[in-house]
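Laboratory data are not the source of any read-out in this text; all were calculated from the coordinates shown. Here the structure is a predicted model, which means the values were calculated and not measured.
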Amino acid sequence: MDQLSTEDPNNPNQTQRRFPYSRHISAAADTLRETRRAWPGLSLYERFEEGIVLVLTGLIGLVIVAAVINLCFRVVLLVVYGLLDPAEHSVFQAVFGMIFTVLIALEFNHSILSVLHRQESIIQLRTVILIALLALARKFIILDASKTEPLTIIGLAAAALALGAVHWLVRDQDRKDTQTRGERPL
């Protein structure tokens with residue numbers, strides 16, 4: 001029996017199986033539609049901010065695609081030349097460092113996209129702190145402890161501890177603010 005004739009084009013599960021990225025494309029189209037609808041009611045600065053966010057999102061998207069292509073290319077080369085040995089510390093560091101770079105860029109792009117959804121202001125302290133913590137985690141992964149000065153490691157650890165404490169304080173303050181407004185805490 002012909003499979004295409006039995007599929008319902010209005011069924012999102014069947015459409016998603018055939019086109020796995022349709023959900024993301026649909027979300028992007030919805031965001032642009034929402035921005036177009038809200039555009040007349042925005043002030044000049046809000047329009048400027050929306051335009052910049054759209055440009056930044058596109059640029060960061062290109063950087064993410066380029067980073068993923070580079071990561072794939074390097075991993076394939078490592079496999080082809082037989083150099084992908086998980087026991088080799090330097091290879092592990094390089095591959096996971098590149099993966100963390102992509103994750104950091106994705107999180108950064110996600111934080112910018114929340115501006116388009118009108119969920120957050122342009123500067124989100126908690127997100128910036130989380131991105132900094134991700135960057136520090138990446139640094140710890142690619143760090144060669146045998147060749148790094150002890151004071152550098154202590155400094156990075158102190159920075160991670162300070163960022164963790166600030167994140168905890170900001171999260172705690174957000175919870176208190178939410179409770180005073182009578183909303184359900186995050």
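Could you give me the ³J(HN,Hα) list for the stretch 101-112, computed from phi with Karplus coefficients 6.51, -1.76, 1.60 and θ = phi - 60°, whole Hz, x at Gly and Pro?
Here the 3J(HN,Hα) series is 4, 5, 4, 5, 5, 4, 5, 4, 5, 4, 5, 6 Hz.
Residue separation times 0.36 nm, minus the C-alpha to C-alpha distance between Val80 and Leu44: what's the value?
Here the answer is 7.6 nm.
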